[in-house]
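Undergrad: The structure follows.
The values are calculated or read from the model by the stated rules, or taken from the named source; none is laboratory data. No experiment lies behind these values; they were computed from the predicted model shown. We place every Cβ from the backbone using ideal geometry, glycine too, and count neighbours over all the protein chains shown.
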There are 2 protein chains.
Amino acid sequence: ELWPCFFYTLDVPKPLADCNAVLKALQPIFQEQGMTETVHNWEDHGYLATYIKKNGSFANLRIHPHGVVLVDLQSYSDCTKGREEVDQLLNKVEERMKDLFHGNIKRVKRLPAILRGGVIDRYWPTADGRLVEYDIDEVVYDEDSPFQNIKILHSKQFGNILILSGDVNLAESDLAYTQAIMGSGKEDYTGKEVLILGGGDGASNIDQMVIDGCKKYMRKTCGDVLDNLNGECYQVLIEDCIPVLKRYAKEGRMFDYVINDLTAVPISTSPEEDSTWEFLRLILDLSMKVLKQDGKYFTQGNCINLTDALTLYEEQLSRLYCPVEFSKETVCVPSYMELYPYELKKSGECVLINQASLDCLEVMNSSARRQF
Amino acid sequence: ELWPCFFYTLDVPKPLADCNAVLKALQPIFQEQGMTETVHNWEDHGYLATYIKKNGSFANLRIHPHGVVLVDLQSYSDCTKGREEVDQLLNKVEERMKDLFHGNIKRVKRLPAILRGGVIDRYWPTADGRLVEYDIDEVVYDEDSPFQNIKILHSKQFGNILILSGDVNLAESDLAYTQAIMGSGKEDYTGKEVLILGGGDGASNIDQMVIDGCKKYMRKTCGDVLDNLNGECYQVLIEDCIPVLKRYAKEGRMFDYVINDLTAVPISTSPEEDSTWEFLRLILDLSMKVLKQDGKYFTQGNCINLTDALTLYEEQLSRLYCPVEFSKETVCVPSYMELYPYELKKSGECVLINQASLDCLEVMNSSARRQF
């Protein structure tokens, strides 16, 4: 149930004057495998030779006059024997090429096979669009809610990982995330009123199905908090946070801390066109309204590579109805595989803070404090 | 100078009774692009259609009776316009497929393009063989020494990364590694004799060229230690550590701490056949000989997914000439993108501990203490 694709890149002398010599040298290797050949000659763009095997496998040999030879193999199944055969074939290609160019091959690169079509999907790109393969070995939960696709996948090293519509949200390995968004251990929450928006661990989410999945399969992050929505010192509200914030603001209810774990800083850098930026500013303004003087607001940023989006976010902070101070910190969240920034601001005892341990990339913890 | 390869996987109803209907539905999309078609029909293994464009690009459409349709596109250059064209083509494929199967497409997966043949290589697989793409934007140093290939590449988020013969060794982001291999802040090194083998930061390495590269480009990790091999309270020896350890043992020179940052636990799980295991045991035994009673030995393990290799390593610890105790800890090293274990043992003022900050995966810190 897997279709592995193997990649092989050879950098040969540039430019490659005689593409045909490469084709002639490598042809026998594929033909020995009983593969049927089809050759396309671009004249000015080199060759593409396609080799087809009876079992459904095939190979592409792309010889490029700029001095790059690419061999891609797509197999039908992913067994040890199949991998060994691929290795042997690529070894022969490498040998023949070294002979042909008298050892003058600048670079040889063999990538791990990409596995497709299987029950388990191991590829979950980072926020900045890089391809990363996770060590997923089990699909724990996979359901579509009215809002999104909810997956909980098991990673050998990160534990269960919550993935919402393809985005890695948090894993059991990611205590660093919770610690960062709670102020990196520098805050004393004793007797304080705390309002948590979102919840990161999928806990305080508007989507009941996320809560159901997390309650069962993400207990290392949410503990038993979701078993009862009302505890001795906390209350979990499953509703849209905007009307709740507006109600609190109207009632004059104030908090010592607001922790916003609703959403990351939007990747889009067009604030005027993108409603997520307006949503973000609305949440910020409402949060400031329910925050006591000298209260603190903590939030996450996004991957530190998204510098434009982060700069734009900081600009929003200067456009709030009240002036705020802020600082930031970068933290490594294991399962994110990239560095992540946080934002915090001016800042109440109400909702218990869960062990919302997210994933393993870096996290930046920035703080902002309301000025009066 | 880049040859991007785009991957697209569609899971259709299984089994796929009519592969030919899929081919007929998708053919026009490629033909509209002015691509030349070659079709191979396996009869019992579905179809491979190859589409060739005049500019050197090509596409493979693999229709599999098990219910998977794969579209791979290999382009000639990687410009925004090219990416948009690919996106448009794949959007059309998705639309046509949804029409054909009345929305019953189980999964659609588009992977970030794999870039090959460029000056910058972004793919550096993890110790457990997973494909990961780094945010490399500059080749800082690239030289072949008599021992190995030495690369220092710049990552936007991890800073400069030292890569020895393809293995990610350390990055400027990886203070967590240094902290872990020094005992996670629980040791007081004041007035102590410390022997560091290796150095992790490429500093105390037998390879002068690694030192030259690190001295210049990894200053955030090694500071100014390498500018002078002899400091007020340290001495850097550029030689094979085995004869040095033997000499110290013969002279009766003892240390409070031995920190072994020479090499990770070998991935091979055949200790009898693999000389790296013998090398590892030799180093361990010699280290115990120069370690004071109740001294401590710290070392790294390897990716926590390599459980067999780590178990085998722990078995070696019971086979040393003297009994030892050990403990372990897991740490996240940012640039590793996997969790890493450390090992430590019984344990001397001599070599300064450098700021050998390694990469961002997890690190396990295990400790072993000599028993008398």
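Undergrad: What about B:Arg319, is it farther than 23 Å from B:Asp167 by Cβ and either at pLDDT 80 or above or of a type in the set (Asp, Glu) (or both)? Walk me through it before giving the result.
TA: Numbers: farther than 23 Å from B:Asp167 by Cβ: yes; either at pLDDT 80 or above or of a type in the set (Asp, Glu) (or both): yes.
Answer is yes for this residue.
Undergrad: Please specify each residue of region B:120-130 satisfying the condition of being within 14 Å of A:Pro112 (Cβ to Cβ) and among the hydrophobic types (A, V, I, L, M, F, W, C).
TA: Listed by number, the residues that qualify are B:Trp124, B:Ala127.
Undergrad: To continue, here is another question. What residue, of A:Thr330, A:Thr299, is within 14 Å of chain B (Cβ to nearest Cβ), closer than 27 Å to A:Glu193 by Cα and modelled with pLDDT of 75 or more? If you could, list the steps in order and put the result at the bottom.
TA: On the way: A:Thr299 fails: within 14 Å of chain B (Cβ to nearest Cβ).
Being within 14 Å of chain B (Cβ to nearest Cβ), closer than 27 Å to A:Glu193 by Cα and modelled with pLDDT of 75 or more holds for just one of A:Thr330, A:Thr299, which is A:Thr330.
Undergrad: Restricting region A:67-86 to residues that are among the small types (Gly, Ala, Ser) and assigned to a loop (DSSP other than H, G, I, E, B), which is nearest to the other protein chains (Cβ to nearest Cβ)? It would help to see each step written out before you state the result.
TA: Initial filter on region A:67-86 (among the small types (Gly, Ala, Ser)): A:67, A:75, A:77, A:82.
Cutting the leftovers down to assigned to a loop (DSSP other than H, G, I, E, B) gives us A:67, A:75, A:77.
Numbers: A:Gly67: 8, A:Ser75: 11, A:Ser77: 10 Å.
Step by step, filter region A:67-86, then rank; the result is A:Gly67.
Undergrad: Condition first: of a type in the set (Lys, Arg) and in contact with a Leu (Cβ under 9 Å, 6 or more places away or on another chain). Now tell me which residues in region A:25-65 satisfy that. Can you show your working first?
TA: To start, the set of residues in region A:25-65 that are of a type in the set (Lys, Arg) comprises A:53-54, A:62.
If the condition is that a residue be of a type in the set (Lys, Arg) and in contact with a Leu (Cβ under 9 Å, 6 or more places away or on another chain), then A:Arg62 is the only one that fits.
Undergrad: Which pairs turn up if I take residues in region B:235-262 that are surrounded by fewer than 19 Cβ atoms within 10 Å (Cβ to Cβ) and look for partners that are among the polar types (S, T, N, Q) with beta carbon separation below 8 Å, at least 6 apart in sequence or on another chain?
TA: The qualifying pairs are B:Leu237/B:Ser204; B:Ile238/B:Ser204; B:Ile238/B:Asn205; B:Ile238/B:Gln208.
Undergrad: Also: Pairs, please: C-beta under 9 Å, at least 6 apart or cross-chain, first residue at the interface with another protein chain (Cβ under 7 Å from one of its Cβ atoms) and in region A:113-134, second crowded, with 22+ Cβ neighbours inside 10 Å and among the basic types (Lys, Arg)?
TA: Once the first residue is at the interface with another protein chain (Cβ under 7 Å from one of its Cβ atoms) and sits in region A:113-134, its partners that are crowded, with 22+ Cβ neighbours inside 10 Å and among the basic types (Lys, Arg) give A:Asp121/A:Lys151; A:Tyr123/A:Arg116.
Undergrad: Moving to a separate point now. Any residue at all in region A:165-186 that is in contact with a strand residue (DSSP E or B) (Cβ under 8 Å, 6 or more places away or on another chain), of a type in the set (Lys, Arg) and at pLDDT 85 or above? Full working, then the answer.
TA: Of region A:165-186, the ones in contact with a strand residue (DSSP E or B) (Cβ under 8 Å, 6 or more places away or on another chain) are A:165-166, A:168-173, A:176-177, A:179-184.
Remaining after also requiring of a type in the set (Lys, Arg): none.
The answer is no; no qualifying residue exists.
Undergrad: Restricting to strands (runs of 3 or more DSSP E) lying wholly in region A:131-238: which have 2 or more residues that are of a type outside the set (Gly, Ala, Ser) and within 30 Å of A:Ala113 (Cβ to Cβ)? Step through it out loud before you land on a result.
TA: On the way: elements: A:136-144, A:149-155, A:159-164, A:167-171, A:194-197.
Filter on region A:131-238 gives A:136-144, A:149-155, A:159-164, A:167-171.
Undergrad: B:Asn169 passes all but one of (1) within 21 Å of the chain's Cα centre (by Cα); (2) over 22 Å from B:Cys241 (Cα atoms); which number fails?
TA: Answer for B:Asn169: the failing condition is (2).
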